[in-house]
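Accompanying notes for the structure given below.
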Amino acid sequence: MEKTIESQTRNKNYVLPIIIMFALFFMIAFVTGYQNPLGSVIKKMTGGDPIFTQLGTLANFIAYAFMGYPAGIMLQKKGYKVTSLAAVSVGFFGVLVTYMSQFIGDVNTSVIIYLIGAFISGFSMCMLNAVVNPMLNSLGKNQNQGNQLVQFGGACNSLGATLAPTVVGALMGNNATSIADANAVFYMAMGIFAVAFLVIRFSELPESPTLGKEQEKIKVSNVFKYRNFVLGVVAIFFYVGIEVGIANFSLQYVENYLSANPATVGTAAATAGAVSGIYWLLMLVGRLVGGSVGGKVSSRIMLASVSSLALIFILLAIFMPETSTIDMIGIDKADGFAITTTVLPISVLFLVLCGLCTSVMWGAIFNLSVQGLGKLTQVASGIFMVMVCGGGILPAIQGLIVGDGADITNYMNSFWLIFALLIYLLFYALVGSRTKENK
């Protein structure tokens, strides 16, 4: 299918489909991203430990384990347009369920309904991911340009991820004890889904001319003959856990640090959201840079370089003493959401800088993993989506490492898990991604 779309691009300009895919990338991140700041509210509602802050994220990402493969099959049989329309419809319903959870009187039931909404939203995010990655990768005229388009799409993803924790954190503040405090965000998300449905419905998306016709049956197990894909599946599982884990626990660390130091300028929740937003903003910068050089630099070199740099940043974050501080941007909700500076441990800066590294990892891993797969690429994309559940499972494990959060140094110790996962990504870049068909 890649060759078909590639040949079409020589005769037709597909700027609009590319723009639509970029917009879907934005939606994926925004709807996924607001689970993190909402996690603090769930923690307060349940009176639980830090593991409760990850419940929404876990529900959102665990949906990938159930929907990843079906999404790939749906894409293969129904095509890009139908799969996209189904995805945004499911997304609208998921956000609606999350919004409705606030009207349940019993706290436990309300949280359960909220988690069901997050789970349904995860179905949508999985389906959208199954569409945008292979389509953008295929629209490139060659391997490097395919990676370049995925990186630019990732920049839009980072923009959505930047806005989500910043906006939601600022709106909720420290005193938020109900999901209702994020109503404006739910209205916005449902509005975006509705508009996206209309735009996709009346737009032309490139499809394979064989769509709807009897096609050669593809044996799914054949994809596991390729070592670069098998090891790439593990790399994607680890990568999503790294990306989400750094964002989530840097936010939780900052919020707990500020709560333990009342004299610190700024509102804890709002400032923590702003700091997390900076991480995603740096991912935006990194993806723009990655997209600019993606046509010239191989995915292997790109992944090896950023993995090495991220390892250095994580080590610095873990070993720098908490007494070493730096002024970072914050938000004072009491002063009309005024932007201010907040004194934070310098370790937070190194965690935030990891955004520059994680920014290009997804596109590079995907690109390396599907090399040589040909007609198996769409099936591979569905399996990839299953492994995105790492974004919920691994942060939950990190939350168990943190424990009850009584000692905020536990947050830094939890990043040893991130360090170990990054070691694997470096191995994959240097060795595991070499194309070799398993016998």
Report the calculated FRET efficiency for residue 434 and residue 19 (r = Cβ-Cβ distance, R0 = 51 Å), to the nearest 0.05.
-> 0.90
In nm, to one decimal, how far is the residue 66 label point from the residue 312 one, both placed 7 Å along Cα→Cβ?
-> 4.4
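So if each residue of separation counts as 0.36 nm, and I subtract the Cα-Cα distance between residue 420 and residue 178, what length gain in nm does that give?
Here the answer is 83.5 nm.
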For each pair in 78/219; 296/375; 77/375; 81/225; 225/375; 81/219, compute the distance between the two Cα atoms and list the pairs where it is over 20 Å.
-> 296/375; 81/225; 81/219
Burial order of peptide ranges 304-313, 33-42 (average beta-carbon count within 10 Å, highest first) = 33-42, 304-313
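Could you please state how large a percent of the accessible area of the stretch 51-97 is carbon and sulfur, counting protein chains only and using a 1.4 Å probe? Could the numbers behind the result be given before it?
Details: 1300 of 1610 Å².
Exposed carbon and sulfur together represent 81 percent of the surface.
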Spelling it out for residue 341: with amide H atoms placed in the peptide plane at 1.01 Å from N, the residues 5 or more places away or on another chain with amide H under 5 Å from its amide H are 330
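The values are calculated or read from the model by the stated rules, or taken from the named source; none is laboratory data. Every value quoted in this text rests on a predicted model; they were computed, and no experiment measured them. Note that each Cβ is placed from the backbone with ideal geometry, even for glycine, and that neighbours are counted across all protein chains shown. All accessible areas refer to the heavy atoms of the entire protein, side chains included, with ligands and DNA or RNA removed. Shrake-Rupley method; radii C 1.70, N 1.55, O 1.52, S 1.80 Å.
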